[in-house]
Amino acid sequence: MARIQRPAFLFVDEDPQWLAALRRASSDLPGPKHFARSAEEALGLLRTHQPAVLVTGYRLPDEDGLSLLERVRELYPRVACVLHTARPARLLRSARGIALVEKLSTPENLPAALRALWVALTGCPPSASDSAQG
């Protein structure tokens with residue numbers, strides 16, 4: 001896998017409070033972060049910004065998050081896809097290559113998952129000096 005110096009993240013959720021939580025959870029990661037409230041908006045940001053990671057909630061106004069991730073896997077196979085949801089994991093039985101982070105898990109789980117993705121993409125942990133430049 002080719003290493004990415006400063007991967008961009010795209011977060012999608014219809015709920016502005018969850019988007020704010022995602023913003024806080026990703027605040028220590030350097031690099032660009034984009035936020036959308038619908039699948040349509042997310043697809044536009046994908047075309048424009050080409051993020052390395054897409055994290056979406058399940059409930060979106062125009063389609064469910066799992067369907068969005070399945071489309072993204074087809075259109076942009078190099079994008080790491082994460083479903084951030086309170087829905088059961090059985091949704092993912094047919095969704096290969098899509099990770100699950102439960103919304104109702106401990107508060108540390110989401111930032112830990114995002115840092116693990118960062119390390120997988122860059123080959124090194126994010127540093128505090130990178131975050132300040134972010």
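The values are calculated or read from the model by the stated rules, or taken from the named source; none is laboratory data. Quantities reported herein were computed from a predicted structural model and do not represent experimental measurements. Cβ placement follows ideal geometry from the backbone for every residue including glycine, while neighbour counts extend to all protein chains displayed.
Restricting attention to the stretch 1-22, the residues that are part of a strand (DSSP E or B) and out of contact with any His (no Cβ under 6 Å at 6 or more places or on another chain) add up to 3. Residue pairs whose Cβ atoms lie under 7 Å apart, sitting 6 or more positions apart in sequence or on different chains, and linking a residue in the stretch 57-75 that is over 17 Å from Leu45 (Cα atoms) to a partner that is buried (at least 19 other Cβ atoms within 10 Å of the Cβ) and hydrophobic (A, V, I, L, M, F, W, C), are Tyr58/Leu66; Tyr58/Leu83; Leu66/Leu83. Only a single criterion out of (1) at pLDDT below 80; (2) in a helix (DSSP H, G or I); (3) surrounded by 16 or more Cβ atoms within 10 Å (Cβ to Cβ) is not satisfied by Arg87, namely (2).
For the stretch 45-75, the candidate set comprises residues that are more than 22 Å from Leu29 (Cβ to Cβ) and in a loop (DSSP other than H, G, I, E, B); within that set, the residue that is nearest to the chain's Cα centre (by Cα) is Tyr58. Say whether the condition of being part of a helix (DSSP H, G or I), buried (at least 21 other Cβ atoms within 10 Å of the Cβ) and touching a helix residue (DSSP H, G or I) at 6+ places or on another chain (Cβ under 7 Å) is met by at least one residue in the stretch 23-38. Checking the stretch 23-38: at least one residue is part of a helix (DSSP H, G or I), buried (at least 21 other Cβ atoms within 10 Å of the Cβ) and touching a helix residue (DSSP H, G or I) at 6+ places or on another chain (Cβ under 7 Å). Regarding Arg37, is this residue farther than 14 Å from Leu114 by Cβ and modelled with pLDDT of 95 or more? Against the criterion (farther than 14 Å from Leu114 by Cβ and modelled with pLDDT of 95 or more), Arg37 qualifies.
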